[in-house]
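Structure, as structure tokens:
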Amino acid sequence: MQINMNSQPQGQQMGDMEMINDSIASQKLISSTYDTFANECATPNLRDEFLNILKDEHQIQAELFSEMQKRGWYQLSPADQNKVTQAKQKYQNMLG
């Protein structure tokens, strides 16, 4: 008797695109968690360590995103300059 050790039913395995999408989603969750931990640290040394880990996690996410773009699975279109200017003004007004 042969046991199928795959968690996916036969014929329904995740492809590269699905695996990278899943990895990006995981990285977003991980980054969010480390961000919360860093914000709630009581000591500067521990906070710095969480921020270092957070930086690493952001780098992993950026590499995954870059791979998606390289393979043509995530296409970006140029931002409308008027919308960029409006958003910039909106947030500058909120801060100023």
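Taken together, the values in this text are just the output of simple stated rules run on the coordinates, not laboratory data. Computed from a predicted model, the values in this text were never measured in an experiment. Backbone-built Cβ (ideal geometry, glycine too); neighbour counts: all protein chains shown.
Of the listed values (1) 12.7; (2) 7.1; (3) 11.4, grab the one calculated as mean projected area of the Cα convex hull in nm² from the structure here.
(3)
Can you compute the FRET efficiency between Q92 and D22 using 1/(1 + (r/R0)^6), with r the Cβ-Cβ distance and R0 = 35 Å? Round to the nearest 0.05.
Given R0 = 35 Å and the Cβ-Cβ separation, E is 0.40.
Choose one of M94, N82, Y34: the residue whose Cα lies farthest towards the positive end of the charge dipole of the chain (beta-carbon charges +1 Lys, Arg; -1 Asp, Glu; about the Cα centre).
N82
Calculate how steeply helix 44-70 sits against the longest principal axis of the alpha-carbon atoms of the chain, using the helix alpha-carbon long axis, and give the answer as 0 to 90 degrees to the nearest 10.
60 degrees
Please state the relative contact order of segment 16-95 as a whole percent: Cα pairs under 8 Å, 6+ residues apart?
30 percent
Using R₀ = 41 Å, calculate the FRET efficiency as 1/(1 + (r/R₀)^6) where r is the Cβ-Cβ separation of S77 and T43; round to 0.05.
0.40
Counting Lys and Arg as +1 and Asp and Glu as -1, each charge on the Cβ, what is the dipole of the chain about the Cα centre in debye, to the nearest 20?
460 debye
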